[in-house]
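**Q** What follows is a structure written as C-alpha cells; I'll ask about it next.
The values are calculated or read from the model by the stated rules, or taken from the named source; none is laboratory data. Bear in mind the structure is a predicted one, so any value in this text is a computation, not a measurement. A quick note on method: Cβ atoms are made from the backbone with ideal geometry, for glycine too, and the neighbour counts reach across all protein chains shown. Side chains are part of the model used for accessible areas, which takes the heavy atoms of the whole protein and leaves out ligands, DNA and RNA. Shrake-Rupley method; radii C 1.70, N 1.55, O 1.52, S 1.80 Å.
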Amino acid sequence: MKELKFEDLFRSELEDLHDAETQILEALPKMIAASSSEELAAAFEEHLEQTREQVKRLERIFEAAGEEPGGKTCVGMQGLLREGENIISGMEKSPARDIALTAAAQKVEHYEIAGYGTVRTLAEMLGQSETAELLEETLSEEKATDDTLTEIAEAIMTGEQPAEEEIEEDEEEDEEEEEEEEVES
C-alpha cells in the first residue's frame, strides 16, 4: 500500500469536490423543476449560479498549481443525488416533496461543508493561504445555503412562506458573523 502524502490527499479531495460540484450542476435544474415552492425553486436557482462560481474557483486553484482536475468520480455525491432523483420520481409535486427535496439538498450541503472544511484546513497546513481563502469563501457559501434551506423548510412546514427580505437579512447576518470569525482567527 502506497503512503499518501498531505499534498496527494489535498489534490484528491479537490478532485472529489470538483466532480461533486459538476454533478450538482446537472442535478439542480431537475430540483428546480420539481419544486412546488417558489421560494425553494428560487433558492435552488441561486445555488445553481453559486455552484457555477464554485466550480470556477476550484478550476482556478488547479490552474494556479499548474494542473487540471482529474477524472475522479465522487461516489458519495452520486449516492446523495440519487436520493434526490428517487424523491422526484417517487412523489408528486407537493409541500411534502419540497421538504424531502430540502432534506436531500441539505445532505448534499453537509457533504460539501465537510469536504471544503477539510481542503481549506489542508491548504492552510500546506502554506497555501490564497487557496485557503478561496476555499473558505466556498465553505461560507455552503453554510449560508444550508441555513437558507432550513428557513425555507420551516416556512413550508408551518405554511408560512419566508419573506425574501428575511432570507436576505439572514444571509447578510451569516456573512457578518463569518467576517467577524475571520478577524478573530
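**Q** Hey, among the residues in the range 56-77 that are open to solvent by 70 Å² or more (accessible area, probe 1.4 Å) and assigned to a helix (DSSP H, G or I), which one's farthest from Glu137 (Cα to Cα)?
**A** Top of the filtered list is Val75.
**Q** What's the total number of residues in the range 79-92 that are surrounded by 13 or more Cβ atoms within 10 Å (Cβ to Cβ) and either touching a residue at least 12 places away in the same chain (Cβ under 8 Å) or not in a loop (DSSP other than H, G, I, E, B) (or both)?
**A** Step one: list which residues in the range 79-92 are surrounded by 13 or more Cβ atoms within 10 Å (Cβ to Cβ), which gives 80-81, 83-85, 87-88, 91.
In the following step, the residues that additionally are either touching a residue at least 12 places away in the same chain (Cβ under 8 Å) or not in a loop (DSSP other than H, G, I, E, B) (or both) were identified as 80-81, 83-85, 87-88.
The total comes to 7.
Conditions tested, residue by residue: (1) modelled with pLDDT of 95 or more; (2) basic (Lys, Arg); (3) closer than 16 Å to Glu142 by Cα.
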{"site": "Leu4", "(1), (2), (3)": "no, no, no"}
{"site": "His18", "(1), (2), (3)": "yes, no, yes"}
{"site": "Glu26", "(1), (2), (3)": "yes, no, no"}
{"site": "Gln50", "(1), (2), (3)": "yes, no, yes"}
{"site": "Gln54", "(1), (2), (3)": "yes, no, yes"}
{"site": "Glu85", "(1), (2), (3)": "yes, no, no"}
{"site": "Ile99", "(1), (2), (3)": "yes, no, no"}
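**Q** Could we say that Gln161 is of a type outside the set (D, E, K, R) and modelled with pLDDT under 90 here?
**A** Numbers: of a type outside the set (D, E, K, R): yes; modelled with pLDDT under 90: yes.
Criteria met by Gln161.
**Q** Which condition number does Asp19 fail, the rest of (1) touching a Cys at 6+ places or on another chain (Cβ under 8 Å); (2) open to solvent by less than 10 Å² (accessible area, probe 1.4 Å) being met?
**A** So the condition that Asp19 fails would be (2).
**Q** Condition test on Leu28, is it closer than 30 Å to Gly159 by Cβ, under 15 Å from the mean Cα position of the chain (by Cα) and buried (at least 19 other Cβ atoms within 10 Å of the Cβ)? It would help to see each step written out before you state the result.
**A** Numbers: closer than 30 Å to Gly159 by Cβ: yes; under 15 Å from the mean Cα position of the chain (by Cα): yes; buried (at least 19 other Cβ atoms within 10 Å of the Cβ): yes.
So Leu28 fits the description; yes.
**Q** Quickly run through the range 93-116 and pick out the residues that are over 22 Å from Leu17 (Cβ atoms), open to solvent by 20 Å² or more (accessible area, probe 1.4 Å) and in contact with a helix residue (DSSP H, G or I) (Cβ under 6 Å, 6 or more places away or on another chain).
**A** Answer for the range 93-116, where residues must be over 22 Å from Leu17 (Cβ atoms), open to solvent by 20 Å² or more (accessible area, probe 1.4 Å) and in contact with a helix residue (DSSP H, G or I) (Cβ under 6 Å, 6 or more places away or on another chain): Pro95, Ile99, Ala100.
**Q** Of (1) open to solvent by 10 Å² or more (accessible area, probe 1.4 Å); (2) farther than 30 Å from Pro95 by Cα; (3) of a type outside the set (Phe, Trp, Tyr); (4) part of a helix (DSSP H, G or I), Val119 satisfies all except one. Which?
**A** So Val119 meets the others, but not (1).
**Q** For the range 122-149, name all the residues that are open to solvent by less than 10 Å² (accessible area, probe 1.4 Å) and acidic (Asp, Glu).
**A** The answer is Glu142, and nothing else.
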